[in-house]
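Participant: Below you'll find the structure I mean.
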2 protein chains.
Amino acid sequence: MATIRIPEPVPSPAQDCEKLKKAFQGWGTDEKEIIRILGRRNAAQRKEIRDTYQQLYNKSLLDVLFSELSGDFRKAVMLWAYDPAERDARLANEALKSKRKSITELQVIVEIACASSPHHLVAVRKAYCSLFDTSLEEDIICHVSQPVQKVLVSLVRSYRHDKEVVDSTLPKLEAAKLHDAIVAKKLDDEELVLVLSIRNMFQLRQTFKFYKDDYGKSIDQDIMACGKGTLESIVKVAVWCIDAPEKHFSEVIKASIVGFGTDEDSLSRAIVSRAEIDLMKVRGEYFEANKSSMDNAVIDDTSGDYKDFLMTLLGANI
Amino acid sequence: MATIRIPEPVPSPAQDCEKLKKAFQGWGTDEKEIIRILGRRNAAQRKEIRDTYQQLYNKSLLDVLFSELSGDFRKAVMLWAYDPAERDARLANEALKSKRKSITELQVIVEIACASSPHHLVAVRKAYCSLFDTSLEEDIICHVSQPVQKVLVSLVRSYRHDKEVVDSTLPKLEAAKLHDAIVAKKLDDEELVLVLSIRNMFQLRQTFKFYKDDYGKSIDQDIMACGKGTLESIVKVAVWCIDAPEKHFSEVIKASIVGFGTDEDSLSRAIVSRAEIDLMKVRGEYFEANKSSMDNAVIDDTSGDYKDFLMTLLGANI
């Protein structure tokens, strides 16, 4: 369900590095060549390219990209060039250090905690410690106020079982716990937060199904009926990221391009972070929800190299 | 600070496997040979031996050990032969499934959470999911009642920063938070549990130092003054495992041999799990605390192959 297209056969990392080096040389940078190479390699291949570039030219590819590119294009290419765990650690840190800490910023932390594998989440926590000399959860405590703090700290401490194992005795019981907390408008309720943080995805999807069957409305509808604050949005994003990440990312992309101006940071994050996971499903979900093409929307709202890069990640030939 | 003695040069895994195979053959098992080989190899070397044994003889070394050995000796050798993360996942599972869930059983979970590296703790959580089709925290919720449940769940979800970085603005403030909770006899207080679960070891040691300086008594004394229940013991063990694991393990060993009869499970666990980490320090701490030799105490309370195995892990020549 990835959208990126890797050529067959794929050039060797040394060949890629040589071409990249050429693209950086001379009067102007050959952005198209950079897009054609990096935009069509998966995370493991990009890592090999980074390592090989360092060995061959004794320079960090990331530093060179930073100095040669600019604007939203640079930001998006850098996100893509980082190791995914380091990328997410940096995104989380940026969100926590931002002045505004609305859902637009903080949702990245929920995405990392609820729409990633347990292995990836741990790798992000590890990268966070290495990069910032403090842990992700310590920074959440330092920079986010209650009650959102409590929910985020608990979510990032997850290590969900990733096999499809469902304990059939739990969904009804835990749907009731969730419902009790939501009816009481206590979205930072200890049991609610714990259930969302420790149960595996398959288990929780069953619980959400029982919730709808038993109480008439879907859990996300009931959550949003509690209020319009950051807490409600954070819990709703957690539920969506667990239940159907493609719904969440389709909404992030829609929100980033709707109306006047574009939120390039959100748009880049959604496309870069899902291009190797489920961007095909995101595209389908976008079409379902908006009855229009996500790719066309991206084309209409972006331009130049930035547009070409995003479209390459979406599988287009530029 | 490890006590095991690895021969120099160390035989190849194939040579070790051949000798092990011979030791299993014939009328009786050559337990001494098994002890001499396995008791003098570190975790990485034991893994190589396991892998090589499987390749050479198409049999699991662990299965063979199980069928050839017996009693406390078998239990101890098996613990030592497992991959350390798998060993700890199994120990935690055994504790959670046991009928008695006193501090004697449950403290193993605190040891894993508070006296291990963040990397090891995550490896244990991963192994737990693989072995038992549920997560460690889900099993804690299923088998341990409140308020101990809440403390254990939070501790096992740690990923402590492992560099020696101390934020000097925190110890006084957090010592006060801990003191407030302890004075109120609320050892499952949300802030207390969070501080013990997310701060790194160096930070917490400073906090415990400030606690003593500011409030006169050490934090573990104040915790134990709250009561004699499992909750108090669990929180005290967490503090010791963070502050000075050797103190905790010295006490575990002492408790396992004191009085009538020996608690072989606790004795084996303490020696096996610390032999490659800090058993030398545990020995020193034992002597400080009891004015007698830990090694002599182990010799007095054990016998036969079991004794020889433990003493080998303690560095003796048998």
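Participant: Identify which of B:Asp180, B:Asp308, B:Asp188 has the largest mean-square fluctuation in a Gaussian network model of chain B, with springs joining Cα atoms closer than 10 Å.
Facilitator: Sorting by GNM fluctuation, first place goes to B:Asp180.
Participant: For chain A, give me every cysteine whose Cβ has no other Cys Cβ within less than 4.7 Å, ordered by residue number.
Facilitator: A:Cys17, A:Cys129, A:Cys142, A:Cys226
Participant: To the nearest 10 degrees, how steep is helix B:245-257 against the longest Cα principal axis of chain B, on a 0 to 90 scale?
Facilitator: Between helix and principal axis, roughly 60 degrees.
Participant: Calculate how steeply helix B:13-24 sits against the longest principal axis of the alpha-carbon atoms of chain B, using the helix alpha-carbon long axis, and give the answer as 0 to 90 degrees to the nearest 10.
Facilitator: In chain B, helix B:13-24 runs at an angle near 70 degrees to the longest axis.
Participant: Could I ask something else about it? Quick one: longest stretch of chain B between exposed loop chymotrypsin sites (Phe, Trp or Tyr not before Pro), exposed meaning at most 15 other C-beta atoms within 10 Å and loop per DSSP?
Facilitator: Between the exposed loop sites, the longest stretch runs B:28-259.
Participant: State the volume of the convex hull built on the alpha-carbon positions of region A:85-243, expressed per residue in Å³ and rounded to an integer.
Facilitator: 90 Å³
Participant: State whether region A:13-69 is rounded, prolate or oblate according to the following rule on the C-alpha gyration tensor (a ≥ b ≥ c being the square roots of its eigenvalues): a/c under 1.5 gives rounded; otherwise a/b larger than b/c gives prolate, and the remaining case gives oblate. Mind dumping the intermediate values first?
Facilitator: Numbers: a/c = 1.66, a/b = 1.24, b/c = 1.34.
Because a/c hits 1.5 or more and a/b fails to exceed b/c, region A:13-69 counts as oblate.
Participant: In degrees, nearest 10, range 0 to 90: what is the angle between the Cα axis of helix A:43-57 and the longest Cα principal axis of chain A?
Facilitator: Once rounded, one gets 40 degrees.
Participant: Which residue, B:Asp133, B:Asp162, B:Asp222, has the most motion in a Gaussian network model of chain B that connects Cα atoms within less than 10 Å?
Facilitator: B:Asp133
Participant: Residues in region A:5-37, backbone N under 12 Å from the label point at A:Asp63 (7 Å along the Cα-to-beta-carbon vector): list them, ranges by number please.
Facilitator: In region A:5-37, the label zone of A:Asp63 (backbone N under 12 Å from the point 7 Å along Cα→Cβ) covers no residue.
Participant: Also, quick follow-up: Which aspartates and glutamates, if any, have their Cα less than 19 Å from the Cα of B:Lys217, not counting same-chain residues under 8 positions apart?
Facilitator: Counting by Cα, and skipping residues close in sequence, B:Lys217 has these aspartates and glutamates nearby: B:Glu174, B:Asp180, B:Glu232, B:Asp243.
Participant: Tell me the per residue accessible area of region A:26-103 using a 1.4 Å probe; a whole number in Å² is fine.
Facilitator: That works out to 50 Å² per residue.
Participant: A further question follows. What does the extension gain come out to for B:Asp167 and B:Asp300, with contour length at 0.36 nm per residue minus their alpha carbon separation?
Facilitator: 43.2 nm
Participant: Any idea what the dipole of region A:179-318 comes to, in debye rounded to 20, about its Cα centre with Lys/Arg Cβ at +1 and Asp/Glu Cβ at -1?
Facilitator: On the way: 17 positive and 25 negative charges, 62 e Å.
Once rounded to the nearest 20, the dipole reads 300 debye.
Participant: Per-residue HN-Hα couplings for region A:109-126, Karplus 6.51 cos²θ - 1.76 cosθ + 1.60 at θ = phi - 60°, whole Hz, x for Gly and Pro?
Facilitator: Values per residue, Gly and Pro as x: 5, 5, 4, 5, 7, 10, 10, 10, 6, x, 4, 5, 4, 5, 4, 5, 4, 5 Hz.
Participant: Okay, moving on. With a cap of 10 neighbouring Cβ atoms within 10 Å, and only residues DSSP puts in a loop, list the trypsin sites (Lys or Arg not before Pro) found in region B:1-106. Numbers along the way, then the final one.
Facilitator: Working: sites: B:Arg5, B:Lys19, B:Lys21, B:Lys22, B:Lys32, B:Arg36, B:Arg40, B:Arg41, B:Arg46, B:Lys47, B:Arg50, B:Lys59, B:Arg74, B:Lys75, B:Arg87, B:Arg90, B:Lys97, B:Lys99, B:Arg100, B:Lys101; in loops: B:Arg5, B:Arg40, B:Arg41, B:Lys59, B:Lys99, B:Arg100, B:Lys101.
Listed in order of number, the matching sites are B:Lys99, B:Arg100.
Participant: Additional query: With a 1.4 Å probe, how much accessible area is buried between chains B and A, both sides summed, in Å² to the nearest hundred?
Facilitator: Buried: approximately 2500 Å² between A and B.
Participant: So what are the ³J(HN,Hα) numbers for region A:304-311, from phi and the Karplus equation (6.51, -1.76, 1.60; θ = phi - 60°), rounded to whole Hz, Gly and Pro as x?
Facilitator: Whole-Hz 3J(HN,Hα) from phi for region A:304-311: x, 5, 4, 4, 4, 5, 4, 5.
Participant: Would you compute, from DSSP H runs of 4+ residues alone, the mean residue ellipticity of chain A at 222 nm, taking -39500 (n - 2.57) per run and dividing by the full residue count, rounded to the nearest 500?
Facilitator: Value at 222 nm, helices only, nearest 500: -21500 deg cm²/dmol.
Participant: With a 1.4 Å probe and all protein chains left in place, how much of the accessible area of region B:13-69 comes from carbon and sulfur atoms, in whole percent?
Facilitator: Within region B:13-69, the accessible surface is 49 percent carbon and sulfur.
Participant: Quickly work out the A:Ile6-to-B:Ala289 label distance, labels modelled 7 Å from Cα along the C-beta direction, and quote it in nm with one decimal.
Facilitator: Each label point lies 7 Å from its Cα, and together they span 5.3 nm.
Participant: Computing the accessible area with a 1.4 Å probe over protein heavy atoms, can you report the carbon and sulfur percentage for region A:209-291?
Facilitator: Numbers: 1930 of 3590 Å².
Using a 1.4 Å probe with all protein chains present, region A:209-291 comes out at 54 percent carbon and sulfur.
Participant: Net charge near B:Leu267, counting Lys/Arg +1 and Asp/Glu -1 over other residues with Cβ under 13 Å of its Cβ? If you can, show how the numbers build up before the last one.
Facilitator: On the way: positive: B:Lys75, B:Lys254, B:Arg269, B:Arg274, B:Lys307; negative: B:Asp72, B:Glu251, B:Asp263, B:Glu264, B:Asp265, B:Asp295, B:Asp300, B:Asp301.
Once all neighbours under 13 Å are counted, the net charge is -3.
Participant: Here's something else I'd like to know. I need the per residue convex hull volume for chain B, using only the alpha carbons, in cubic angstrom as a whole number.
Facilitator: Expressed per residue, the convex hull around the Cα atoms of chain B is 142 Å³.
Participant: Still on this structure, please answer the following. Springs between alpha-carbon atoms under 10 Å, Gaussian network over chain B: tell me which of B:Val272, B:Val64, B:Val282 tops the mean-square fluctuations.
Facilitator: Greatest mean-square fluctuation among the candidates belongs to B:Val64.
Participant: Region B:223-253: which trypsin sites (Lys or Arg not before Pro) are DSSP loop and have at most 12 other beta-carbon atoms within 10 angstrom?
Facilitator: Details: sites: B:Lys228, B:Lys236, B:Lys247; in loops: B:Lys228.
Filter output for region B:223-253: B:Lys228.
Participant: Add +1 for every Lys or Arg and -1 for every Asp or Glu among the other residues with Cβ under 10 Å from the Cβ of A:Leu204, and state the total.
Facilitator: Result for the neighbourhood of A:Leu204: +2.
Participant: Restricting to Cα pairs below 8 Å that are 6+ residues apart, what does the relative contact order work out to for region B:85-243? Please round to a whole percent.
Facilitator: After rounding, I find 26 percent.
Participant: Where in region A:155-184 does accessible area fall by at least 20 Å² between the isolated chain and the complete protein assembly, at a 1.4 Å probe radius?
Facilitator: Buried by the other chains: A:Arg157, A:Tyr159, A:His161, A:Lys163, A:Val165.
Participant: So for region A:246-313, what are the equivalent ellipsoid semi-axes in whole Å, largest first, each being the square root of 5 times an eigenvalue of the Cα gyration tensor?
Facilitator: 16, 14, 11
Participant: Now for a different question. Rg and Dmax of the protein assembly as shown over Cα atoms: what are they, in angstrom?
Facilitator: That works out to 27.6, 85 Å for Rg and Dmax.
Participant: Over chain A, what is the mean sequence separation of C-alpha contacts under 8 Å (at least six apart), divided by residue count, expressed as relative contact order in percent?
Facilitator: Relative contact order, chain A: 22 percent.
Participant: Something else about it: Accessible surface of A:Leu178 in the full protein assembly, 1.4 angstrom probe, to the nearest 10 Å²?
Facilitator: Spelled out: A:Leu178, probe radius 1.4 Å, area about 0 Å².
Participant: Let me ask you something else. In whole Å, how far is the Cα centre of region B:207-273 from that of region A:208-242?
Facilitator: Each part reduced to its Cα centre gives a spacing of 43 Å.
Participant: For region B:251-318, which trypsin sites (Lys or Arg not before Pro) are both in a DSSP coil and crowded by at most 13 other Cβ atoms within 10 Å?
Facilitator: Here the trypsin sites (Lys or Arg not before Pro) that fit, given the DSSP loop and packing criteria, are B:Lys291.
Participant: List, in order, the whole-Hz ³J(HN,Hα) value for each residue of region A:189-201 obtained from phi through the Karplus relation with A = 6.51, B = -1.76, C = 1.60 and θ = phi - 60°; use x for Gly and Pro.
Facilitator: Along region A:189-201, the couplings run 4, 4, 5, 4, 4, 5, 4, 5, 8, 10, 6, 6, 4 Hz.
Participant: Here are some pairs, A:Lys185/A:Lys212; A:Lys172/A:Lys254; A:Lys75/A:Lys228; A:Lys99/B:Lys163; A:Lys186/A:Lys209; B:Lys101/B:Lys186; which of them have Cα atoms lying more than 25 Å apart in this structure?
Facilitator: A:Lys172/A:Lys254; A:Lys75/A:Lys228; A:Lys99/B:Lys163
The values are calculated or read from the model by the stated rules, or taken from the named source; none is laboratory data. Everything numeric here is computed off the predicted structure, so don't read it as measured data. Ideal geometry is used to build each Cβ from the backbone, glycine not excepted, and the neighbour counts take in all protein chains shown. Only protein heavy atoms, including side chains, enter the accessible area calculation; ligands, DNA and RNA are left aside. Shrake-Rupley method; radii C 1.70, N 1.55, O 1.52, S 1.80 Å.
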